[in-house]
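Below: one structure, written as structure tokens.
The values are calculated or read from the model by the stated rules, or taken from the named source; none is laboratory data. Computed from a predicted structure; not experimentally measured. Don't worry about glycine lacking a Cβ; one is built from the backbone with ideal geometry, like all the others, and counts go over all protein chains shown.
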Amino acid sequence: MAVTTPTKPADPDYVRLRSTATVDSGKNLLDVKALKMHFPLTQGIIFQRQVGAVRAVDGIDFFVEKGETLGLVGESGCGKSTTGRAILQLYKPTAGAVLFDGVELTKLGGEAMRKMRRRMQMIFQDPYASLNPRMTVGNIIGEPLEVHDLARGKEKTERVQELLRVVGLNPYFTNRYPHEFSGGQRQRIGIARALAVEPEFIVCDEPISALDVSIQAQVINLLEELQDRFKLTYLFIAHDLSVVRHISDRVAVMYLGKIVELADRVDLYERPLHPYSQALLSAVPIPDPAVESKRKRIILTGDVPSPVNPPSGCRFHTRCWKAQQICSEVDPEFIEHEPRHWAACHFPGA
Amino acid sequence: MAGQLLEVHDLHTQFFTRDGVVHAVDGVSFELAAGETLGIVGESGCGKSVTALSLMRLIPQPPGKIVQGSIIFDGADVLKMDDDEVRGIRGNNIAMIFQDPMTSLNPVLTISRQITEALELHLKMDKAEARKRTVELLDLVGIPSAKKRMDDYPHQFSGGMRQRVMIAMALSCNPKLILADEPTTALDVTIQAQILELLKGLAKEFRTAFILITHDLGVVAGMTQRIHVMYAGKIVEKADTGELFANPKMPYTWGLLRSIPRLDERRKSKLLPIEGLPPDLIAPPPGCRFEPRCQYRRDICREKEPALEHIPNAKPDHEARCWGTQQGGWLVDIDWRKEVGDTRIIEEIKQEVAQLPPEPKAGDVPPPPTAL
């Protein structure tokens, strides 16, 4: 089975898909305020009492502008996926506010939330686990159309075929099952499913990390093309800093449930203020021996502490080479040190 | 070739499955001198791990079988040895570090038990001696309070720590060759940096030969002296590390280099993916195996398979398996940076390196901690 290149079919096909598109620049599509997501740890079999909490996300603030891609990077366990899910209300946040287009999502319930869900979708990491193996591709992509009452019967079939074409798959694949496709093709199916309801905002949760090197670029290019065409806004969650630099307009760095730095792509990568960002960037190997031989690595000692019992003060102080007395006592505020460049550190800069 | 630690000649490893014979490794040959570091790069399914397992005679049989070739390690053919002789080499002269430290350690045995086992078996140490050596090894790979932690179980260690235990285990018998199969793929970047730094230091200290198997060109760039690129069971390009990155010749290598964004990417350039999928190794293409995905293919590529040959005008040990790079071929004189749209030139890169932020000075702040 050959993968077809994502072609650019004549755009009139998609006018209908995106007829509701409104571009209102200069306004935040998403505002996240003091978001906390704690998972309780319980003890006891019948009478469970809470003995602690995993503070997966512990008070983060950021915004996403319309049409941009915000990259969210961090190591595993830092809470980046939890952030994505808490925004989409797949988890009920412990505290804080999530404003999508001005509407507070944490207070919405039932039907109102279901209506909002149409405007935001998610692409998952593992294309092997996120597609139901017993459903045909047509049913997988068609299901959201039915749930949201967008199309039925013949119209639905046409829309599904249209979507398959958009993501670069053969439109006649509708009766096949997920196991008949390769990883990259499955990820395209996942993308088609997310696009089915004409969302404005898509949370991409590590969409390429399960794919082979040569296939990753295919999916990155597809995501970029779709963004241009449908004026999508992405929250792009990944641990690969090179990929995040490539695809994002702005980048947020997370460490142990907190955002430690947030800046425009170039600012963050050229002039990182937070020591953790600096260490993270210096740790990424560059495929060029000429560059590699001259680079100085900042090697962090130890592992990420447990989010159940995070360090006092600045959470990074246990691994930070700049740490002073104050770092273990006072949690640094998330301050705008330069225009549009926030960092939470007592001693920011090089 | 005298003086080589390892000589692999025309290795063929196949898997006999219900659907047919999978030609996982199909005629791989290479040499390795003592103390040398070699990188084997390729996508999943290209046969790089199977090559490593073949060297250790660890191919599950059935369905796998080494059907042809020779593996001369230290003057003796591993493939002609009986099981006892192989056991004498495994873990003793050749050690392996596996990708997933979560599954490659035995969860029901303590760390100390797993390391002392090899010491008692291969080096005939008694219990007390072996335990003493274990503490030394764990210290060496940077496990804090090794004496206290050696009787812990694997689940009490984090991923990075488990990989350090794996490395300690590999080093335990002072092997001449270490095979590291994707040693950092399951780890986070900052932990990956720790482990790579550790491996680099150890390779230098013990003059151990290393084969580093990975899909990440960034990892091999800083770690190895030579690189072999594998595709669909064959080596398609081999060169010195510097030469391979400065002057790659095979279109597949170009694809690998240009399909991943670089951290130091200048501007937002479009990635050039390799279209299509790797071939089915049950019925590989008759000609060049990369031909169906190659932008530069010509008729001959589909008809006949090219041999691994020296590239004209390139460094002497730079070889590629490509019709286009053979004498008079159409790819010999192409400058890959221009060809694939990377307009960065070496001078630019040098300038960028010079502009990297300075390290924190020793005076005002403590120097960055190191892993060792």
Q: Need at least 1 residues that are of a type in the set (S, T, N, Q) per element, so show me which helices (runs of 4 or more DSSP H) inside segment A:87-199 make the cut, counting only ones lying wholly within it.
A: A:137-147, A:153-166, A:183-195
Q: Kindly indicate whether any position in segment A:65-81 is part of a loop (DSSP other than H, G, I, E, B), in contact with a helix residue (DSSP H, G or I) (Cβ under 6 Å, 6 or more places away or on another chain) and either at pLDDT below 90 or crowded, with 24+ Cβ neighbours inside 10 Å (or both).
A: yes
Q | Test: B:LEU217 is surrounded by 21 or more Cβ atoms within 10 Å (Cβ to Cβ) and over 26 Å from B:THR116 (Cβ atoms) | A | yes
**Q.** Given (1) surrounded by fewer than 23 Cβ atoms within 10 Å (Cβ to Cβ); (2) farther than 24 Å from A:ARG55 by Cβ, number of the condition A:ILE215 does not satisfy
**A.** (1)
**Q.** Within segment A:236-294, considering residues that are β-branched (Val, Ile, Thr) and more than 7 Å from chain B (Cβ to nearest Cβ), the one nearest to A:THR318 (Cα to Cα)
**A.** A:VAL260
Q. Are any residues in segment B:286-312 over 24 Å from the mean Cα position of the chain (by Cα), in a loop (DSSP other than H, G, I, E, B) and over 14 Å from B:TYR231 (Cα atoms), and if so, which ones?
A. B:PRO286, B:GLN295, B:TYR296, B:ARG297, B:ARG298, B:LYS304, B:PRO312
(Q) Being closer than 20 Å to B:HIS215 by Cβ and surrounded by 14 or more Cβ atoms within 10 Å (Cβ to Cβ) narrows it down to one residue among B:SER29, B:SER54; which is it? (A) B:SER54
Q. Just to be sure, is A:ALA343 among the hydrophobic types (A, V, I, L, M, F, W, C) and under 18 Å from A:VAL57 (Cα atoms)?
A. yes
Q.
Would you confirm, using the coordinates I've provided, whether B:LEU198 is within 24 Å of B:ARG293 (Cβ to Cβ) and in contact (Cβ under 8 Å) with a residue 40 or more places away in the chain?
A. no
Q: Exactly one condition in (1) within 14 Å of chain B (Cβ to nearest Cβ); (2) in contact with a strand residue (DSSP E or B) (Cβ under 9 Å, 6 or more places away or on another chain); (3) closer than 17 Å to A:LEU72 by Cα is not met by A:ILE220; state its number.
A: (2)
Q: Return the residue satisfying two criteria in turn: it lies in segment A:14-41 and is closer than 14 Å to A:LEU232 by Cα and assigned to a strand (DSSP E or B), and of such residues it is modelled with the lowest pLDDT.
A: A:ASN28
Q: Report, by residue number, each residue of segment A:307-326 that is buried (at least 18 other Cβ atoms within 10 Å of the Cβ) and either among the charged types (D, E, K, R) or at the interface with chain B (Cβ under 8 Å from one of its Cβ atoms) (or both).
A: A:ARG315, A:ARG319, A:LYS322
Q: Name the residue, out of B:THR214, B:THR208, B:THR241, B:THR185, that is more than 25 Å from B:THR103 (Cα to Cα), within 13 Å of the chain's Cα centre (by Cα) and not aromatic (Phe, Trp, Tyr).
A: B:THR241
**Q.** Meets criteria (within 7 Å of chain A (Cβ to nearest Cβ), within 24 Å of the chain's Cα centre (by Cα) and more than 29 Å from B:PRO316 (Cβ to Cβ)) for B:PRO273
**A.** yes
Q | segment B:112-150 - residue that is under 29 Å from B:THR185 (Cβ atoms) and not in a helix (DSSP H, G or I) and, of those, nearest to the chain's Cα centre (by Cα) | A | B:VAL141
(Q) Considering only residues that are under 17 Å from B:ILE97 (Cα atoms) and of a type in the set (Ser, Thr, Tyr), which ones fall in segment B:9-53? (A) B:THR37, B:SER49, B:THR51
**Q.** Selected residue [loosely packed, with under 15 Cβ neighbours inside 10 Å and under 15 Å from A:VAL260 (Cα atoms)] from A:GLU329, A:GLU333
**A.** A:GLU333
Q) Among (1) more than 9 Å from chain A (Cβ to nearest Cβ); (2) surrounded by fewer than 20 Cβ atoms within 10 Å (Cβ to Cβ); (3) more than 17 Å from A:ALA283 (Cβ to Cβ), which single condition is B:THR208 missing? A) (2)
Q.
Looking at segment A:200-216 only, could you name the residues that are over 20 Å from A:ASP249 (Cβ atoms) and part of a loop (DSSP other than H, G, I, E, B)?
A. A:SER209, A:ALA210, A:LEU211, A:ASP212
Q.
I'm trying to understand the selection: among the residues of segment B:233-246, which are touching a residue at least 60 places away in the same chain (Cβ under 8 Å) and within 12 Å of chain A (Cβ to nearest Cβ)?
A. B:ALA239, B:ASP240, B:THR241, B:GLU243, B:LEU244, B:ALA246
Q: Evaluate the following for B:ALA239: is it surrounded by fewer than 24 Cβ atoms within 10 Å (Cβ to Cβ) and small (Gly, Ala, Ser)?
A: no
Q: Given the conditions (1) part of a loop (DSSP other than H, G, I, E, B); (2) at the interface with another protein chain (Cβ under 7 Å from one of its Cβ atoms); (3) buried (at least 22 other Cβ atoms within 10 Å of the Cβ), report the number of the one that A:VAL304 does not fulfil.
A: (2)
